[in-house]
Amino acid sequence: MAVKTITIDMEAYEALARAKKPGQSFSQVIKAHFGPTKNARGFRQALRDIGSFSPRTLASIDAVVTSRRRSKPRIPAL
């Protein structure tokens with residue numbers, strides 16, 4: 001796994017250290033606070049993990065996600 005070194009001030013470090021449980025890394029504390037990135041890929045994987053959707057339903061969701069990825073974002077006129 002790739003890592004990145006960051007610099008934080010002592011106040012931020014102490015806040016992280018207070019939130020850290022025994023055996024937990026600072027990365028785990030940060031991920032628990034901010035959560036995983038939510039995107040279509042994660043949504044589709046979550047649906048597959050649930051396992052109660054038919055292959056046809058999952059294929060339909062994939063088609064919609066793919067078509068939206070290809071379309072340009074639309075900004076509503078105010």
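Laboratory data are not the source of any read-out in this text; all were calculated from the coordinates shown. Predicted, not measured: the structure shown is a model, and the values here were computed from it. Every residue, glycine among them, receives a Cβ derived from its backbone with ideal geometry; neighbour counts consider all protein chains shown.
Name the single residue that is nearest to the chain's Cα centre (by Cα) among those in region 40-55 being surrounded by 13 or more Cβ atoms within 10 Å (Cβ to Cβ) and among the aliphatic types (A, V, I, L, M).
Only one residue tops the list, namely 40.
Hey, can you tell me all the residues within region 24-44 that are closer than 29 Å to residue 69 by Cβ and aromatic (Phe, Trp, Tyr)?
Listed by number, the residues that qualify are 34, 43.
Return the residues of region 17-63 that are under 26 Å from residue 6 (Cβ atoms) and of a type in the set (D, E, K, R); say none if nothing qualifies. Step through it out loud before you land on a result.
Quick first cut of region 17-63, residues under 26 Å from residue 6 (Cβ atoms) only: 17-39, 41-42.
Passing the criteria: 18, 20, 21, 31, 38, 41.
Of the residues in region 1-39, how many are within 23 Å of the chain's Cα centre (by Cα) and among the charged types (D, E, K, R)?
Of the residues in region 1-39, 5 are within 23 Å of the chain's Cα centre (by Cα) and among the charged types (D, E, K, R).
Filter region 1-24 for residues that are polar (S, T, N, Q) and loosely packed, with under 10 Cβ neighbours inside 10 Å and give the result. Write out each step before concluding.
Here is the first cut: in region 1-24, the residues polar (S, T, N, Q) are 5, 7, 24.
Selection gives 5, 7.
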